[in-house]
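In what follows, a single structure is set out as structure tokens and then discussed.
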Amino acid sequence: MSEGIPAKNFGFGEDEQMLRDVARKFLDEKLPVQTLRDLVAKDPDAVYERGEPTRWDEGLWKQMVELGWTGLAVPEANGGLGFKLAGIVGLVEELGGHAAPTPLVATLNATYVLAACDGENASSALGQIADGATASLAVTDAKGSWDASACDVSAAPDGDGVVLSGTAYFVQDAAKAELFVTLAERGSELILCVVRSDTQGVSIARDHIHDLTRDQGRVVFDNVQVSGTDVVSEEAKSPLARAWASVLVTVSADLCGCAEWQLQATVEYAKNRKQFEHQLGFFQAVKHPLVNAMMEIDRARSLVYHAASCVDAGSDEAATASRMAKSAASDAGAFMSDRSVQLHGGIGFTWESDVHLFFKRSMHNQALYGDGSYQRRLLAETLIGPIEG
Amino acid sequence: MSEKKLNQDQAEFQQYARDWLANNAPPPPPVRLPITAIEVMSVEQRDYLQDWQRKCYEAGLVGSDVPTDYGGGGNTGFQRIANQEMSRAGTPFLINVIGLSMAVPTILEHGTHEQKQKFVPGALSGEEIWCQGFSEPGAGSDMANQQTFAEKRGDEWVVNGHKVWTSLGHFAKWMILIARTSREHKYDGLTYFLCPIEGHEGVTVRPLVKMTGETGFNEVLFEDAVVPDTMRLDDVGKGWTVAMTTLTFERGAAEGAGGGGGDTVHPIEQLINLSRSSYRDGKRMADDPVIRDRIVQQAITNEGFRQTQKRARVPALVDHPMRIPLQGKVTITELIQSNARLGVDIAGAASTLYKLDEAAPDAGHWPLSYMNSYGNTIAAGTNEIQRNILGERVLGMAKSK
């Protein structure tokens, strides 16, 4: 890796390809779309009417842990593999492409923030993740502020440690996570600490979300004791800023994987379904939007790999590249989702079709950490400069 | 070409190209240059650009990968480097764009040894300018519907017909020409010729005036024009296949024999600069949230195009071999069009000012470039046809005809 300069092949070499191919084979075999349906969408009333938790396959997750996936992003010094983000992107694209209900993306994102913390205190949590612990970021306030500039959790000094009170919102896969990387306000400072989900005073209030392939919730802290060694950063802004490009890239990769599935499924439908004595794909009103969606997906995918290679190279471009990737991936995801339902026609609007599983996962991802126009507003600050006057 | 590190020869060549371009920057043009080679109108423009191409050729930056037998450098993987360095240096475009990116690669693939010797060196040096005779009034997107007829008489062909949208035709010595040699078969009745144009009996070149008011392309009439059989490229009836080779190069799926140059300021920088000096009701466009969003969208699309070109060379990240190459023409032409359109929108009231107006932002570049952009979204197979091809060849959907 040459410092600052992204690799010519985005750093996507043999190891990265092998990981991607293993993930693809594993998920094709273990989680074909029919299996996914049976798992998460058997009964439309279960989640949406009766408020039951979204389902996931813990046994399958254990196999992913055995494959070493939780340790991929953990630095080698902390017992992980220190895998390049470019390789992680390949894996996460497959997760998105199978709409896999797993806490892996949440765990990866927590890992990136922990790995960006200075000092030794994060190493215990990183070690646990390398050994298979699940984790998630608890850094968002009730207003859904993605920039983590404010939070609704306060930290009162208590000996070496702190006592946490308040709530973290929009926590991804909160019901599955064992460790929360938590943003808290101590006086005028923002700090980061690691809190185990089974700690006294921690409770999870599940959000009722539309996405059937993950969970989300509020993590409530009621006088939760955190020892000094679990305060992983005395100053939250820098590690969050350093890790944020990676966070945006993983979610964007999930979006790209999702969108590619939607493209292929819709193209298949356009080949098989006949109307007016022609396959649907014969009609340019069907064909051309699918080509447009393909071009948008390709653009997004290229930007995602570019952003990953910037992160891997330690390039100054990483922040900009990752926001470009999230903007392009969110917009490609939104457009592809729109066309996937519309071009499937009547069936695409039904619960019976597989299309909605990916539509909802994509829509959740589009909003997560800021949609396209949000990313562009921030990019404008960098590329054009602040608004004057 | 798969992406790999430059070998030592290539790295040395890159350094050489960089040094040469730094030391041999062309003098400022005596007249305003058009945006691309296909809009070259005047003899002054032509002479200036021809002189520049000759210098680049002599320096080894053009035809770098063409065999030495045919006037090239005989190297491997040098042309892409030369193209990149010329772009980087912001030098003028190479005028013989059709010769370099279409005629030479096609002749090298389908021509005889004699044809390669006769036609390739002059195309590389730029001394012999080429034009393309594929489009006809009734054969636009439906390219196989050629009506120009070549009739065999002894060792010669007698050509009659009408070609249109012939860029550079008014300066061309040669044309890559598709003509019908049989009315029996639509596709197999076509044959490819290397046809003399300048001063050739029976050939008339008439300028067409574009919506911009510029010339630069033409219609070419053939009235009993005689073409010797030695100027037929590949077999009789193989014209469609040969034309597909040409179009692969034209549509950007392959490297060509020379290119690059022509870009000066990055288009997004241009838009940002424009937004800082354009106002609406006294407020800078650079501070308008909608305009800021649109500029950033363009920046993302530009960067996405660049990174997709890069990804095309990483086989592990490409699902279908033609998926990215066949998108190139649509994405680049629409990117240029939307950049130009945004420039027009940012300029606001001043976007009404055209080339001659001293107050026109960037000397009228934005409306001119916007209007000219339709040449590229229409030419080389309209973008609608490209989308059919992508939908059919890459995604495998039913043919729309």
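Every residue in the stretch B:144-186 that is free of Cβ contacts under 8 Å to residues at least 60 places away in the same chain, closer than 23 Å to B:VAL209 by Cβ and either β-branched (Val, Ile, Thr) or touching a Gly at 6+ places or on another chain (Cβ under 7 Å) (or both), please.
The answer is B:LYS163, B:VAL164, B:THR166, B:MET175.
Can you find, within the stretch B:289-300, the residue that is farthest from A:PHE12 (Cα to Cα) among those that are under 27 Å from the mean Cα position of the chain (by Cα) and facing chain A (nearest Cβ under 7 Å)?
Here the answer is B:ILE295.
Residues B:LEU49, B:LEU21: which one is in a helix (DSSP H, G or I) and either farther than 30 Å from A:LYS8 by Cα or free of Cβ contacts under 8 Å to residues at least 24 places away in the same chain (or both)?
Criteria check complete, one pass: B:LEU49.
More than 8 Å from every other protein chain (Cβ to nearest Cβ), closer than 15 Å to A:GLY333 by Cβ, without any contact (Cβ under 8 Å) to a residue 24 or more places away in the chain and not β-branched (Val, Ile, Thr), is that true of A:GLN275?
When the stated conditions are applied, A:GLN275 does not pass them.
For A:HIS288, all conditions in the list (1) touching a Gly at 6+ places or on another chain (Cβ under 8 Å); (2) touching a residue at least 12 places away in the same chain (Cβ under 8 Å) hold save one; what is the number of the exception?
Exception for A:HIS288: condition (2).
State which residue pairs qualify: first residue within 20 Å of A:ASP312 (Cα to Cα) and part of a loop (DSSP other than H, G, I, E, B) and inside the stretch A:113-136, second residue at pLDDT 95 or above and among the small types (Gly, Ala, Ser) in any location, beta carbons under 8 Å apart, and separation of 6 or more residues or different chains.
A:ALA116/A:SER238; A:ALA116/A:ALA243; A:CYS117/A:SER233; A:ASP118/A:SER233; A:ASP118/A:SER238
Across the stretch A:313-333, what is the total count of residues that are surrounded by fewer than 24 Cβ atoms within 10 Å (Cβ to Cβ) and not β-branched (Val, Ile, Thr)?
The total comes to 7.
Quick check on B:ALA340: is it within 24 Å of B:PHE217 (Cβ to Cβ), of a type in the set (Gly, Ala, Ser), surrounded by fewer than 19 Cβ atoms within 10 Å (Cβ to Cβ) and more than 14 Å from chain A (Cβ to nearest Cβ)?
Judged against the criteria, B:ALA340 is not a match.
Please state which one of A:VAL304, A:VAL249 is within 17 Å of A:GLY90 (Cβ to Cβ), more than 12 Å from chain B (Cβ to nearest Cβ) and in contact (Cβ under 8 Å) with a residue 40 or more places away in the chain.
A:VAL249
Output the residue which, of all residues in the stretch B:343-385 that are surrounded by fewer than 18 Cβ atoms within 10 Å (Cβ to Cβ) and part of a loop (DSSP other than H, G, I, E, B), is nearest to the other protein chains (Cβ to nearest Cβ).
Only one residue fits best here, namely B:THR382.
Among the basic types (Lys, Arg), over 26 Å from B:SER400 (Cα atoms), touching a helix residue (DSSP H, G or I) at 6+ places or on another chain (Cβ under 8 Å) and surrounded by fewer than 21 Cβ atoms within 10 Å (Cβ to Cβ): which single residue out of A:ARG301, A:ARG377, A:ARG339 fits that description?
A:ARG377
Go through the stretch B:321-331 residue by residue and tally those that are part of a loop (DSSP other than H, G, I, E, B), touching a residue at least 24 places away in the same chain (Cβ under 8 Å) and either within 10 Å of chain A (Cβ to nearest Cβ) or within 15 Å of the chain's Cα centre (by Cα) (or both).
1
Considering the stretch B:134-160 alone, what residues qualify as being outside any loop (DSSP other than H, G, I, E, B) and at pLDDT below 95?
Taking the stretch B:134-160 and keeping what is outside any loop (DSSP other than H, G, I, E, B), we get B:136, B:139, B:149-153, B:156-160.
Of everything in the stretch B:134-160, those that are outside any loop (DSSP other than H, G, I, E, B) and at pLDDT below 95 turn out to be B:GLU136, B:ALA139.
Surrounded by 14 or more Cβ atoms within 10 Å (Cβ to Cβ) and facing another protein chain (nearest Cβ under 9 Å) - does that describe any residue in the stretch A:364-374?
Yes; the residues of the stretch A:364-374 include at least one that is surrounded by 14 or more Cβ atoms within 10 Å (Cβ to Cβ) and facing another protein chain (nearest Cβ under 9 Å).
For the stretch A:79-95, give me each residue that is in contact with a Ser or Thr (Cβ under 8 Å, 6 or more places away or on another chain) and either over 23 Å from A:ASP131 (Cβ atoms) or of a type in the set (Ser, Thr, Tyr) (or both).
Of everything in the stretch A:79-95, those that are in contact with a Ser or Thr (Cβ under 8 Å, 6 or more places away or on another chain) and either over 23 Å from A:ASP131 (Cβ atoms) or of a type in the set (Ser, Thr, Tyr) (or both) turn out to be A:ALA86, A:VAL89.
Of everything in the stretch B:386-401, what is outside any helix (DSSP H, G or I) and either under 14 Å from A:GLN264 (Cβ atoms) or more than 8 Å from every other protein chain (Cβ to nearest Cβ) (or both)? Give them in sequence order.
B:LEU395, B:GLY396, B:MET397, B:LYS401
Counting only residues that are more than 15 Å from A:ASP158 (Cα to Cα) and either among the charged types (D, E, K, R) or not assigned by TED's automatic domain parsing to the domain that holds A:SER149 (or both), which one in the stretch A:186-203 is surrounded by the fewest Cβ atoms within 10 Å (Cβ to Cβ)?
The residue in question is A:ASP198.
Could you identify the single residue in B:LEU390, B:LEU368 that is within 30 Å of B:ALA349 (Cβ to Cβ) and touching a residue at least 60 places away in the same chain (Cβ under 8 Å)? Quick ask: steps written out before the conclusion?
On the way: B:LEU390 fails: within 30 Å of B:ALA349 (Cβ to Cβ).
Unique residue meeting the criteria: B:LEU368.
State all residues of the stretch B:306-320 that are closer than 17 Å to B:ASN339 by Cβ and more than 7 Å from chain A (Cβ to nearest Cβ); if no residue qualifies, say none.
Those that are closer than 17 Å to B:ASN339 by Cβ and more than 7 Å from chain A (Cβ to nearest Cβ): B:ARG306, B:GLN309.
Would you call B:VAL43 farther than 18 Å from B:TRP20 by Cα, of a type outside the set (Lys, Arg), free of Cβ contacts under 8 Å to residues at least 24 places away in the same chain and in the same structural domain as B:GLY111 (by TED's automatic domain parsing)? If you could, list the steps in order and put the result at the bottom.
Values: farther than 18 Å from B:TRP20 by Cα: yes; of a type outside the set (Lys, Arg): yes; free of Cβ contacts under 8 Å to residues at least 24 places away in the same chain: yes; in the same structural domain as B:GLY111 (by TED's automatic domain parsing): yes.
So B:VAL43 passes the test.
Among (1) within 17 Å of A:ALA174 (Cα to Cα); (2) of a type outside the set (Val, Ile, Thr); (3) crowded, with 21+ Cβ neighbours inside 10 Å, which single condition is A:ALA130 missing?
(1)
With respect to A:LYS30, is the statement that it is without any contact (Cβ under 8 Å) to a residue 12 or more places away in the chain and either surrounded by fewer than 20 Cβ atoms within 10 Å (Cβ to Cβ) or of a type in the set (Ser, Thr, Tyr) (or both) true?
no
For A:VAL40, indicate whether it is surrounded by 19 or more Cβ atoms within 10 Å (Cβ to Cβ) and either basic (Lys, Arg) or outside the structural domain of A:PHE221 (by TED's automatic domain parsing) (or both).
In short, yes.
Any chance the stretch A:368-387 includes a residue that's of a type outside the set (D, E, K, R), closer than 30 Å to A:LEU280 by Cα and part of a helix (DSSP H, G or I)?
no
The values are calculated or read from the model by the stated rules, or taken from the named source; none is laboratory data. Remember, predicted model here, so these are calculated numbers, not experimental data. All Cβ positions, glycine included, derive from the backbone under ideal geometry; neighbour counts span all protein chains shown.
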